[in-house]
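A short worksheet on the structure shown next.
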Protein chains: 2
Amino acid sequence: MTTDAAAMLAVALDEARLGRAEGGIPIGAALFGPDGELLGRGRNRRVQDDDPSTHAETAAFRAAGRLRGYGRTTMVTTLSPCWYCSGLVRQFGIGSLLVGEARTFHGGHDWLAEHGVRVTVLDDPACEALMREFIAQHPALWSEDIGR
Amino acid sequence: MTTDAAAMLAVALDEARLGRAEGGIPIGAALFGPDGELLGRGRNRRVQDDDPSTHAETAAFRAAGRLRGYGRTTMVTTLSPCWYCSGLVRQFGIGSLLVGEARTFHGGHDWLAEHGVRVTVLDDPACEALMREFIAQHPALWSEDIGR
């Protein structure tokens, strides 16, 4: 992992851990600009806000506010993005996607790569451990969050 | 158009017109349950809330609250859903999609049909007229909303 990727993932992982501490689903994300500047960060808020629409990636996207042009931005997320969040990345033309891990959930990152997004799967053990622990402890909540 | 479809589309169209009256992007949506009961409704809120993440479909989905199982629900939207909103429909397994029109914007409804969603395009003139008027008056805002 490059230093830049590690630093970006650290922000997403921090969000995921904040989510866990709140009793929520521990997935975090952040959106960075072309020079590595943080544009927005967020975490899944299904439990905290009783809001099924706030996934980590949509929270980070919202936090970045209204922007014109996402081609030079990077979305980093602790977990492979579900179809909902993959659709967000594709629709807005987010240029790069860093995925913490895709072992506990395989979302739409291959599809995004096929459609021109620069995708890197970091295979990060800390992201994976966080999700494995959560899924083992809250299987029904996890199923709810991904519509299973 | 069946009576049921017309009644459901009327709710989405009402939301779209509310959005137009607020100076927003005139796209509305609603989620209905298996017996035609309204679960949630909403509209694009990019302008109203300065929130790029609230599309009509995500607003309706959020308004419905946390549910277990979307297979017997119907999402109705005045406009073909963008990738972001199509991803929402696919991820949560929303069983049916009613699209007001797909002439002014062709989103992911074919992709959803390929993946088992029951898709009906209603080709409704009122939905189309609303979007044509909006796009002509606010082309930059429309481009912003779909990431162009």
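The values are calculated or read from the model by the stated rules, or taken from the named source; none is laboratory data. Note that the structure is predicted; figures quoted are calculated from it, not measured. Counting neighbours? That spans all protein chains shown, and the Cβs are built from the backbone with ideal geometry, glycine included. Surface areas here come from the heavy atoms of the whole protein model, side chains and all, with no ligands, DNA or RNA. Shrake-Rupley method; radii C 1.70, N 1.55, O 1.52, S 1.80 Å.
Descriptive notes on the structure:
Residues are listed down the side, and each one gets a yes or a no for (1) in a helix (DSSP H, G or I); (2) within 23 Å of residue B:18 (Cβ to Cβ):
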residue: B:106; (1), (2): no, no
residue: B:113; (1), (2): yes, no
residue: B:120; (1), (2): no, no
residue: B:126; (1), (2): yes, yes
residue: B:131; (1), (2): yes, yes
residue: B:134; (1), (2): yes, yes
residue: B:143; (1), (2): yes, yes
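- Filter result for residue B:9 (assigned to a helix (DSSP H, G or I), buried (at least 18 other Cβ atoms within 10 Å of the Cβ) and either at pLDDT 95 or above or not small (Gly, Ala, Ser) (or both)): yes
- Every residue from the stretch B:100-113 that is crowded, with 19+ Cβ neighbours inside 10 Å, in contact with a strand residue (DSSP E or B) (Cβ under 6 Å, 6 or more places away or on another chain) and within 14 Å of another protein chain (Cβ to nearest Cβ): B:109, B:112
- Annotation note: of A:93, A:65, A:69, the sole residue that is in a loop (DSSP other than H, G, I, E, B) and either touching a Cys at 6+ places or on another chain (Cβ under 6 Å) or modelled with pLDDT under 95 (or both) is A:69.
- Residues in the stretch B:29-46 that are open to solvent by less than 50 Å² (accessible area, probe 1.4 Å) and of a type in the set (A, V, I, L, M): B:29, B:30, B:31.
- From the list A:45, A:90, the one residue that fits, being under 29 Å from residue B:111 (Cα atoms) and within 10 Å of another protein chain (Cβ to nearest Cβ), is A:90.
- So residue A:97, is it more than 8 Å from chain B (Cβ to nearest Cβ) and open to solvent by less than 10 Å² (accessible area, probe 1.4 Å): yes
- Take the conditions (1) closer than 17 Å to residue B:83 by Cα; (2) touching a helix residue (DSSP H, G or I) at 6+ places or on another chain (Cβ under 7 Å); (3) surrounded by fewer than 17 Cβ atoms within 10 Å (Cβ to Cβ); residue A:116 misses just one of them, which is (2).
- Scan the stretch A:62-78 for residues that are open to solvent by less than 10 Å² (accessible area, probe 1.4 Å) and within 13 Å of another protein chain (Cβ to nearest Cβ) and the total you get is 3.
- Listed by first and then second residue, the pairs with beta-carbon distance under 7 Å, at least 6 apart or on different chains, first residue in the stretch A:11-37 and more than 18 Å from residue A:124 (Cβ to Cβ), second open to solvent by less than 10 Å² (accessible area, probe 1.4 Å) and not aromatic (Phe, Trp, Tyr), are A:24/A:44; A:24/A:46; A:31/A:40; A:31/A:60; A:31/A:73; A:31/A:75; A:33/A:73.
- Pairing residues of the stretch A:128-146 that are modelled with pLDDT of 95 or more with residues that are open to solvent by 70 Å² or more (accessible area, probe 1.4 Å) and part of a helix (DSSP H, G or I), at Cβ distances under 8 Å and at least 6 apart in sequence or on separate chains, gives A:130/A:17; A:130/A:20; A:134/A:20.
- Qualifying residue in the stretch B:49-61 (condition: under 19 Å from residue A:55 (Cα atoms), of a type in the set (Phe, Trp, Tyr) and open to solvent by 10 Å² or more (accessible area, probe 1.4 Å)): no
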